[in-house]
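**Q** Please read through the structure below; I'll follow up with questions.
The values are calculated or read from the model by the stated rules, or taken from the named source; none is laboratory data. Please read all numbers here as calculations on a predicted model, not as lab measurements. Here the Cβ is made from the backbone with ideal geometry for all residues, glycine too, and neighbour counts use every protein chain on show. Side chains are part of the model used for accessible areas, which takes the heavy atoms of the whole protein and leaves out ligands, DNA and RNA. Shrake-Rupley method; radii C 1.70, N 1.55, O 1.52, S 1.80 Å.
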Amino acid sequence: MNTSAANPGELAGRHLVLGMTGGIACYKIAELTRLLTKAGATVQVVMTEAATQFITPVTMQALSGRPVYTSQWDGRVPNNMAHIDLSRGADAVVIAPASTDFLAKLAHGFADDLLSTLCVARDCPLLVVPAMNRQMWNHPATQRNVAQLRADGVETLGPDSGPQACGEVGDGRMLEPEAVYESIVSFFASKVLAGRKLLITAGPTFEPLDPVRGITNRSSGKMGFALARAAQQAGGDVHLVAGPVALQTPWGVYREDVQTAQQMYDAVMRAAPDADVFIGVAAVADWRVDHVAGHKIKKTAGQRMPTFTFVENPDILASVAAMPNPPFCVGFAAESDDLEVHGEEKRARKKVPLLIGNLGPLTFGRDDNEVVLFEADGRTPLPRAAKQALAQTLVAEIARRLPDPSIIS
Ligand code: C5P
């Protein structure tokens with residue numbers, strides 16, 4: 001599972017009008033359309049005349065699975081009111097790419113073609129994804145127009161900075177389709193963690209034996225990364241401390257990579273005093289060898305097998321929970337059997353208000369999971385679900401257990 005790409009069903013039931021204006025970034029909208037439809041959204045593409053110079057309506061129709069509209073005078077709309085009909089029932093209008101000219105038109109309320117008229121006539125939120133040369137973006141008129149649009153409640157996604165199609169480098173390039181997709185999902189997510197700082201650990205740890213070997217475990221990091229993504233989308237400020245995993249960092253999440261339990265402990269203890277919530281999803285190795293060999297341990301014929309002495313690693317979760325003024329602590333436990341007994345015993349031993357338990361062998365590396373919430377006053381099983389969907393449920397469950405920020409302790 002890629003925690004940053006479209007998840008099937010994530011935008012199910014959402015209807016988006018995707019407005020395209022003239023710019024080379026139009027080619028990226030083919031991919032964006034694919035991500036949105038894969039996630040279950042219906043996408044109604046509307047293009048300006050200029051946009052059709054960069055990518056054809058035929059391509060966009062094939063990808064969106066719906067007829068594309070380009071003209072105010074389109075005979076397919078019986079009442080000839082395409083600007084009204086197309087936006088009614090939409091959850092949002094997304095303009096991508098949004099050209100310099102189109103931003104200027106929007107800021108001044110011009111309505112001289114189908115897309116600009118539709119924007120003025122809409123009764124739903126408007127998101128714009130600017131894409132232009134750096135000089136055009138930095139031009140005082142563009143900056144004035146963007147400021148006006150923001151004041152009017154229009155959401156601006158990007159732009160990004162970097163190499164541009166014209167060969168120059170700077171601000172103005174369109175966000176990559178995945179980043180636009182993530183921003184759209186975030187836009188619809190309820191902001192139950194707004195203003196909260198979350199510290200999350202994910203993945204395994206790796207405890208070296210010598211420079212080439214070590215001890216690790218089967219955690220893929222998927223659940224922790226899914227939680228980090230869901231928490232960010234819920235408005236949280238997320239710091240993710242990740243063990244060695246090959247997963248893409250969720251958009252908008254601050255990631256710190258570590259290898260060993262001790263490094264994870266150090267990273268967590270540095271950040272924990274500032275966190276409102278700590279979620280320990282990492283499968284932390286309980287032991288490390290007391291002495292890591294400086295050279296690769298050689299297999300020599302006739303010699304005795306190497307032996308290792310282990311020392312215990314710090315318990316990160318229990319240490320955070322034992323801080324004088326701890327964040328709200330959530331543990332995860334993967335058990336091989338008897339989840340009911342071990343889950344509650346572990347929660348009480350680590351002194352955390354909430355522990356999320358699952359049966360490890362049924363979870364490792366999979367894209368779905370089935371968990372039970374253990375709390376002082378009982379247990380709540382949740383149905384099996386895709387890890388990303390489950391992460392959203394868990395974020396909502398955690399958010400409603402947080403103390404009201406207006407009550408100062
Ligand atoms: O490994 P165990 O089942 O004890 O893990 C339960 C919880 O404790 C998890 O949230 C895990 O991240 C955390 N833990 C930890 N430090 C350890 C061992 C586990 O924070 N050394």
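**Q** Which of the numbered conditions does GLY302 fail, given that it passes all the others? Conditions: (1) of a type in the set (Gly, Ala, Ser); (2) within 12 Å of the ligand (Cβ to nearest atom); (3) over 21 Å from ALA228 (Cβ atoms).
**A** Result: GLY302 fails condition (2) only.
**Q** Exactly one condition in (1) within 22 Å of ALA267 (Cα to Cα); (2) within 9 Å of the ligand (Cβ to nearest atom); (3) under 27 Å from the mean Cα position of the chain (by Cα) is not met by PRO314; state its number.
**A** (3)
**Q** Determine if the stretch 363-386 includes at least one residue that is of a type outside the set (A, V, I, L, M, F, W, C), surrounded by 14 or more Cβ atoms within 10 Å (Cβ to Cβ), at pLDDT 95 or above and part of a loop (DSSP other than H, G, I, E, B).
**A** Within the stretch 363-386, not a single residue is of a type outside the set (A, V, I, L, M, F, W, C), surrounded by 14 or more Cβ atoms within 10 Å (Cβ to Cβ), at pLDDT 95 or above and part of a loop (DSSP other than H, G, I, E, B).
**Q** Out of the stretch 79-101, which residues are in a helix (DSSP H, G or I) and under 29 Å from the mean Cα position of the chain (by Cα)? Outline the logic, then answer.
**A** Narrowing the stretch 79-101 to residues in a helix (DSSP H, G or I): 82-85, 100-101.
Result: THR100, single match.
**Q** Among the residues of the stretch 327-346, are any touching a residue at least 60 places away in the same chain (Cβ under 8 Å) and more than 9 Å from the ligand (Cβ to nearest atom)?
**A** The answer is yes; a qualifying residue exists.
**Q** While we're looking at this one, here's another question. Which condition does VAL253 not pass, out of (1) touching a residue at least 60 places away in the same chain (Cβ under 8 Å); (2) more than 16 Å from the ligand (Cβ to nearest atom), if it passes all the others?
**A** (1)
**Q** Among MET269, MET264, MET305, which is aliphatic (A, V, I, L, M) and without any contact (Cβ under 8 Å) to a residue 24 or more places away in the chain? Spell out how you get there, then give the answer.
**A** Numbers: MET269 fails: without any contact (Cβ under 8 Å) to a residue 24 or more places away in the chain; MET264 fails: without any contact (Cβ under 8 Å) to a residue 24 or more places away in the chain.
Criteria check complete, one pass: MET305.
**Q** Which residues, taken from the stretch 216-262, are among the charged types (D, E, K, R) and assigned to a loop (DSSP other than H, G, I, E, B)?
**A** Looking only at the stretch 216-262, we keep the residues that are among the charged types (D, E, K, R), and these are 218, 222, 229, 237, 255-257.
Passing the criteria: only ARG218.
**Q** Would you confirm, using the coordinates I've provided, whether VAL146 is surrounded by 14 or more Cβ atoms within 10 Å (Cβ to Cβ) and over 21 Å from SER87 (Cβ atoms)?
**A** Values: surrounded by 14 or more Cβ atoms within 10 Å (Cβ to Cβ): yes; over 21 Å from SER87 (Cβ atoms): yes.
Yes; evaluated as a whole, the condition is true for this residue.
**Q** Among the residues of the stretch 189-215, write down those that are in contact with a strand residue (DSSP E or B) (Cβ under 6 Å, 6 or more places away or on another chain) and either surrounded by fewer than 17 Cβ atoms within 10 Å (Cβ to Cβ) or not in a loop (DSSP other than H, G, I, E, B) (or both).
**A** LYS197, LEU198, LEU199, ILE200, THR201, ALA202, PRO204, GLU207, PRO208, GLY214, ILE215
**Q** Counting only residues that are open to solvent by less than 60 Å² (accessible area, probe 1.4 Å) and assigned to a helix (DSSP H, G or I), how many does the stretch 345-357 have?
**A** Counting residues in the stretch 345-357 that are open to solvent by less than 60 Å² (accessible area, probe 1.4 Å) and assigned to a helix (DSSP H, G or I) gives 4.
**Q** Okay, moving on. Which of the residues belonging to the stretch 67-84 are out of contact with any Leu (no Cβ under 9 Å at 6 or more places or on another chain) and surrounded by 15 or more Cβ atoms within 10 Å (Cβ to Cβ)? Step through it out loud before you land on a result.
**A** Step one: filter the stretch 67-84 for residues out of contact with any Leu (no Cβ under 9 Å at 6 or more places or on another chain), giving 67-68, 75-76, 78-81.
Within the stretch 67-84, just VAL68 meets the criteria.
**Q** For the stretch 264-296, which positions are away from the ligand (no atom under 14 Å from the Cβ), open to solvent by 20 Å² or more (accessible area, probe 1.4 Å) and not basic (Lys, Arg)?
**A** PRO273, ASP274, ASP276, ASP290, HIS291, VAL292, ALA293, GLY294, HIS295
**Q** Residues of the stretch 216-228 being within 12 Å of the ligand (Cβ to nearest atom), within 14 Å of GLN392 (Cα to Cα) and open to solvent by 10 Å² or more (accessible area, probe 1.4 Å), which ones?
**A** MET223
Quick grid of which residues meet (1) within 27 Å of the chain's Cα centre (by Cα); (2) charged (D, E, K, R):
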site: LEU11; (1), (2): yes, no
site: HIS15; (1), (2): yes, no
site: LYS28; (1), (2): yes, yes
site: GLU31; (1), (2): yes, yes
site: THR37; (1), (2): yes, no
site: VAL43; (1), (2): yes, no
site: GLN53; (1), (2): no, no
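**Q** For the stretch 299-332, give me the residue count where each residue is assigned to a loop (DSSP other than H, G, I, E, B), surrounded by 10 or more Cβ atoms within 10 Å (Cβ to Cβ) and among the β-branched types (Val, Ile, Thr).
**A** First, pick out the residues of the stretch 299-332 that are assigned to a loop (DSSP other than H, G, I, E, B): 299-309, 313-315, 322-327.
Checking which are surrounded by 10 or more Cβ atoms within 10 Å (Cβ to Cβ) leaves us with 306, 308, 313-315, 322-323, 326-327.
Applying the additional criterion that residues be among the β-branched types (Val, Ile, Thr) yields none.
Residues meeting the conditions: 0.
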